[in-house]
Amino acid sequence: MTVIDTITLVILANRRSATRSKEKKVKYTTELEKEVQTLKTQATDLATEVTLIEKDASGLSAENKELKLRLQALEEQAKLRDALKESLRNDVNRLRMECRLPISNNGSAGSDVFHLFPPHIQNLLQQQFQNQNQASPSGQPNQQQEVHMPNQNQASASQMPSHPNCLGFNERP
């Protein structure tokens, strides 16, 4: 082999190597282009999904704010209801205390509050006091007994006129 033949063989080998390199490069570039296209498709899909998630998050945030406002309103209602219950409880207790009538030595209701009742209630109270005096074995009435109002069967609430101090439990001043 001559030097020229050797040089020719080297040139041919280099050309084959260059051709193989070019083919590898084209194949690698094609694979990269396919991967880029796949990634672009994935990016578009993810961007659409992100947009949907952001819309959902915005809707949920608005709903959360609305629910917080409703919860706050319900808490305020509960506080007001509790305050009203306490106020009504105090009013009922006060009215109960006002309606307790001491029994005097002569067996009639104390003159300071007896006149506050309507006549038909005064008659019922008078009868009750008389019955208590007759039932007392010592003949002396108890000094601090409660007045028991007749039940619904004896006198309905609609027949009784309301009185601001004792009988108007359902009415607020």
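The values are calculated or read from the model by the stated rules, or taken from the named source; none is laboratory data. Quick caveat, the model's predicted, so the values are computed rather than measured. Side chains included, ligands, DNA and RNA excluded: accessible areas come from the protein's heavy atoms. Shrake-Rupley method; radii C 1.70, N 1.55, O 1.52, S 1.80 Å.
Okay, here's what the table says:
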quantity	calculated
Heavy-atom surface of segment 1-98, accessible at 1.4 Å and reported per residue (Å²)	91
Cα-based Lys pair tally, segment 1-77, threshold under 27 Å, eight or more apart or on separate chains	10
Vicinal HN-Hα couplings computed from phi for segment 14-20 (Karplus, 6.51 cos²θ - 1.76 cosθ + 1.60; Hz; Gly/Pro x)	5, 5, 4, 5, 5, 4, 4
Accessible area of T19 in the full protein assembly, 1.4 Å probe (Å², nearest 10)	70
